[in-house]
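Remarks on the structure that follows.
The values are calculated or read from the model by the stated rules, or taken from the named source; none is laboratory data. Bear in mind the structure is a predicted one, so any value in this text is a computation, not a measurement. We place every Cβ from the backbone using ideal geometry, glycine too, and count neighbours over all the protein chains shown. These area figures cover heavy atoms from the full protein model, side chains too; ligands, DNA and RNA do not enter into them. Shrake-Rupley method; radii C 1.70, N 1.55, O 1.52, S 1.80 Å.
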Amino acid sequence: MSVQSGTKPAMLKRSLSLSWPLIIGIILISLTMRSPLTSVGPLVGSIRESLGLSNTVAGLLTTLPLLAFAFLSPFTPTLARRFGMERVLFCALVLLMAGIAVRSLSATIPLFAGTVLLGLSIAVCNVLIPSLVKRDFSDNVGLMTGIYAVSMNLCGAIASGISVPLARNLGFGWNGALGVWGILALIAALFWFPRVRGSHTSAVVPTPGGVVRRSLWRSPLAWTITLFMGMQSLLFYVLITWLPEIMTSRGLSEDSAGWMLSLFQMATLPVSFIVPILAGRMRNQRLLVIIMAVLFFVSLGGFYFGDHALIFLWTILLGIAGGCAFSLAMIFLSLRTKDAYDAASLSGMSQSVGYLLAATGPILFGFLHDVTAGWNLPLLLLFVVSAVLLLCGLGASKNHTV
C-alpha cells in the first residue's frame with residue numbers, strides 16, 4: 001500500500017513535467033492566432049488611403065480570413081487524422097509565415113492574397129487546438145482552455161495597441177507593422193518542429209471498432225453551438241475592424257483609437273482565463289451566458305446612447321462581454337462532446353458555418369456605414385446579433401452532449 005501511495009504522486013509529477021513542452025507549444029501557437037488579424041483594425045485608415053480602397057472593400061481584410069476559416073475548417077479534422085496533428089499544425093505555421101510575408105508587399109493583390117493564406121493557416125489552428133486539449137488534457141479542459149484563450153487575447157491586444165506606433169513612430173509603414181508578426185510564427189514553428197519529428201499519433205482518438213457515429217450536422221445541439229460560435233465571432237471581427245473608426249469619428253486620435261482597441265482586448269484577459277474554469281465546474285452555463293448578454297447590451301447601449309466621455313468604460317465592458325462569449329464558445333466544444341474525435345468534428349463544423357456567418361459582419365457593417373454615413377444603424381445590427389447570441393447560448397449551455 002505504501003509503495004502505491006508513494007508511486008502515484010511521482011507518476012503525476014512526471015506526467016506534469018512531460019506536459020510542459022506541449023503547454024508551451026500550445027501557448028506559442030495561440031500567440032499567432034489573433035495578432036495577424038487584430039493588427040489590421042488600427043491601420044485600416046492608412047491602408048485604405050494608401051491603396052485607394054472603399055470602406056466596403058477594406059472590410060474584406062477581416063472578412064477574407066473568416067471565409068478561409070469557413071472553407072478549411074470542415075476538412076481539418078480529416079487532414080489531422082491522416083497526417084497527424086503535430087505535422088498539420090507545423091505546416092499551418094509555415095503557411096502563416098508565408099501569408100504574412102506576402103501580405104506585407106505594399107500592393108493590393110498581395111495584400112488580399114496574403115490575407116487568404118494566413119486565414120487558411122489560422123483556420124487549422126482554430127480547429128485543432130481544442131481537439132488537442134481534449135485529447136491530452138481531458139482532466140484539465142477548463143484550465144487549458146483558459147491558458148490558450150488568454151494567450152490569444154493578450155497577443156491580439158498588444159498587436160492592436162502597437163500597430164500605429166510601429167507604422168508611424170518607428171517608420172515601419174502599415175506593411176511593416178503587419179509583417180512583424182511573422183516573427184512569432186517563426187518562433188512557434190521552430191519550437192513545434194521537434195514534436196513533428198517525434199510524433200506518430202493521430203490528431204484525435206480514432207473511432208472505436210463497431211461504433212457508429214451520428215453525423216453532427218443532424219444534431220440540434222451542434223447547430224446551436226455553431227450559431228453561438230458564429231454570432232460571437234461576428235461581434236468580435238466587426239469590432240476589431242471598425243471600432244477604431246468609430247472611435248475616431250467620436251473625436252479620438254488614430255493612436256488613441258488603436259490603444260482603445262487594445263484596451264477592449266485587454267479587458268477580455270481575466271474572463272478568458274476565469275470563465276472556462278468556472279464553466280468546467282458548473283452543471284450548466286446559463287448564468288454565465290446571461291451575464292455575458294447583459295454586458296453586451298449595456299456596453300453597446302453606452303456607445304449608442306451614452307456620454308462619449310464614458311467611452312473608456314463602455315470599451316472595458318464590451319471587452320469583458322466578448323471575452324466571456326469567446327471562452328464559452330471554446331469550452332462548449334469540449335464540454336458538449338464525449339471524446340476528442342467528436343471535439344474535432346464539432347470544432348470543424350462550428351467554425352466552418354460559424355465563421356461563414358461571421359464573415360458577413362465586417363462587410364455589412366462597412367456597407368451600412370457607407371450608405372448611412374453614420375454608425376447608428378450599424379450599431380443597431382450588433383444589438384440584434386447580441387440577442388441571437390443570448391438565445392443560442394442558453395441552448396448551448398444545457399448539460400448534454402452531441
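The alpha carbon radius of gyration of the chain, expressed as a multiple of 2.2 N^0.38 Å, is 0.97. Whole-Hz Karplus ³J(HN,Hα) for the stretch 347-361, in order, using 6.51 cos²θ - 1.76 cosθ + 1.60 and θ = phi - 60°, x for Gly and Pro? Listing the rounded values in order: 4, x, 5, 5, 7, 5, 5, x, 6, 5, 5, 5, 5, 6, x Hz. Phi-derived couplings, Karplus 6.51 cos²θ - 1.76 cosθ + 1.60 at θ = phi - 60°, listed residue by residue for the stretch 273-285: 8, 6, 4, x, 5, 5, 4, x, 9, 9, 5, 9, 10 Hz, with x used for Gly and Pro. With a ≥ b ≥ c the root eigenvalues of the C-alpha gyration tensor of the stretch 261-300, is it rounded (a/c under 1.5), prolate (a/b larger than b/c) or oblate? Oblate. Calculate the translational D of the stretch 220-337 in whole µm² s⁻¹ from Stokes-Einstein, where the hydrodynamic radius comes from the Kirkwood formula applied to all Cα pairs, the temperature is 37 °C and the viscosity 0.692 mPa s. Reported coefficient: 221 µm²/s. You can think of it this way: the chain between Arg281 and Ser50 has 78.1 nm of extra reach, that is 0.36 nm per residue less the Cα-Cα gap. Each peptide in 280-292, 217-229 gets a packing score, the mean of other Cβ atoms within 10 Å over its residues, and the list from highest to lowest is 217-229, 280-292. Net charge dipole, the chain: roughly 1500 debye, given to the nearest 20, about the Cα centre with Cβ charges of +1 for Lys and Arg and -1 for Asp and Glu. Summarising the label geometry, the points placed 7 Å from Cα in the beta-carbon direction at Val57 and Val371 lie 2.1 nm from one another.
Each of the peptides 186-195, 67-76 was scored by the mean count of other Cβ atoms within 10 Å over its residues; in descending order, highest first, they stand as 67-76, 186-195. Over the chain, Cα pairs under 8 Å with separation of 6+ residues give a relative contact order of 27 percent.
Enter the mean projected area of the convex hull around the alpha-carbon atoms of the stretch 19-175, in nm², rounded to one decimal.
Here the figure is 9.5 nm², rounded to one decimal.
Each stretch of four or more DSSP H residues adds -39500 (n - 2.57); spread over every residue of the chain, this sum gives -26500 deg cm²/dmol at 222 nm.
Per residue, the stretch 58-105 exposes 37 Å² of solvent-accessible protein surface, assessed with a 1.4 angstrom probe and all protein chains in place.
The slack between Leu391 and Ala309, meaning 0.36 nm per residue of separation minus the straight C-alpha distance, is 26.3 nm. The magnitude of the dipole of the stretch 28-178, with charges of +1 and -1 set on the Cβ of Lys/Arg and Asp/Glu and taken from the Cα centre, is near 160 debye.
When the solvent-accessible area of the chain is split by element, carbon and sulfur atoms take up 69 percent of it, the probe being 1.4 Å. Remark on the stretch 281-402: Rg and Dmax equal 16.3, 49 Å (Cα only). Using only the Cα atoms of the stretch 337-402, build the gyration tensor, take square roots of its eigenvalues as a ≥ b ≥ c, and label the shape rounded, prolate or oblate: rounded if a/c is under 1.5, else prolate if a/b is larger than b/c, else oblate. Oblate.
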